[in-house]
Amino acid sequence: MGLNLNDKKAVVAEVSAQVANAQTIAIAEYRGIEVGDLTVLRKKARESGVYLRVLKNTLVRRAVEGTEFAGLAEHMVGPLIYSVSADPVAAAKVLNDFAKTNDKLVLKAGSYAGKVLDKAGVQALASIPSREELLSKLLYVMQAPVAGFARALDALAKQREGAAA
């Protein structure tokens with residue numbers, strides 16, 4: 001059974017709210033994917049803070065109208081799953097990682113910073129480390145000199161204890 005007018009307005013409002021806070025939208029065709037696999041994909045999306053839904057294309061076109069994602073409307077054809085995130089790479093990463101293990105999920109397009117991306121563009125965006133990964137690498141790099149200095153001080157203290165004894 002289809003959605004009535006009020007339901008459609010509610011969906012457009014919900015998607016518009018997500019799009020207003022988004023930096024990235026990625027879309028993929030999900031034809032032939034089993035329900036269990038979609039459940040796994042939704043769980044990964046939730047863990048990554050990604051809004052992931054199967055939506056009517058006409059409703060999403062209305063939601064992105066007048067936004068930086070409006071150029072994506074021409075790619076909204078067929079049974080699509082929409083991935084929306086405030087994190088620049090999370091939306092693309094969730095779909096791309098799942099598509100690597102499930103050949104029935106086909107990346108179609110995406111949009112980031114007002115630019116429409118093709119499949120290769122979405123894959124390139126997904127290959128960028130997430131904000132959390134970059135912060136952890138930065139923290140590791142910042143801790144390395146301190147840890148080395150602490151080891152040097154410890155070695156120096158042991159050397160002086162050995163010389164004093």
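The values are calculated or read from the model by the stated rules, or taken from the named source; none is laboratory data. The structure displayed is predicted, hence computed values, not measured ones. Every residue, glycine among them, receives a Cβ derived from its backbone with ideal geometry; neighbour counts consider all protein chains shown.
Of the residues A120, A113, only one is more than 27 Å from G2 (Cβ to Cβ), at pLDDT 90 or above and surrounded by fewer than 16 Cβ atoms within 10 Å (Cβ to Cβ); which?
On the way: A113 fails: at pLDDT 90 or above.
The conditions single out A120.
Need a quick list: helices (runs of 4 or more DSSP H) entirely within segment 39-126 having at least 1 residues that are more than 13 Å from V15 (Cα to Cα), in the same structural domain as K9 (by TED's automatic domain parsing) and free of Cβ contacts under 8 Å to residues at least 60 places away in the same chain. Lay out the reasoning, then the answer.
Details: elements: 57-64, 90-101, 119-126.
It comes to 90-101, 119-126.
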Given (1) closer than 21 Å to G114 by Cβ; (2) at pLDDT below 90, index of the condition M1 fails: (1)
Going by what's in this entry, would I25 be described as touching a residue at least 60 places away in the same chain (Cβ under 8 Å), under 11 Å from Y82 (Cα atoms) and either crowded, with 16+ Cβ neighbours inside 10 Å or outside the structural domain of T101 (by TED's automatic domain parsing) (or both)? yes
For L153, indicate whether it is loosely packed, with under 11 Cβ neighbours inside 10 Å and either of a type in the set (D, E) or not assigned by TED's automatic domain parsing to the domain that holds A22 (or both). yes
Go through the residues of segment 6-16 one by one and say whether even a single one is of a type in the set (D, E), part of a helix (DSSP H, G or I), in the same structural domain as S85 (by TED's automatic domain parsing) and under 13 Å from S85 (Cα atoms). no
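Could you check segment 124-135 and list, in sequence order, the residues that are under 14 Å from the mean Cα position of the chain (by Cα) and either basic (K, R) or surrounded by fewer than 18 Cβ atoms within 10 Å (Cβ to Cβ) (or both)?
Going through segment 124-135, the residues under 14 Å from the mean Cα position of the chain (by Cα) turn out to be 124-133.
Result: A124, S127, I128, P129, S130, R131, E132, E133.
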D154: within 24 Å of L38 (Cα to Cα) and out of contact with any helix residue (DSSP H, G or I) (no Cβ under 8 Å at 6 or more places or on another chain), yes or no? no
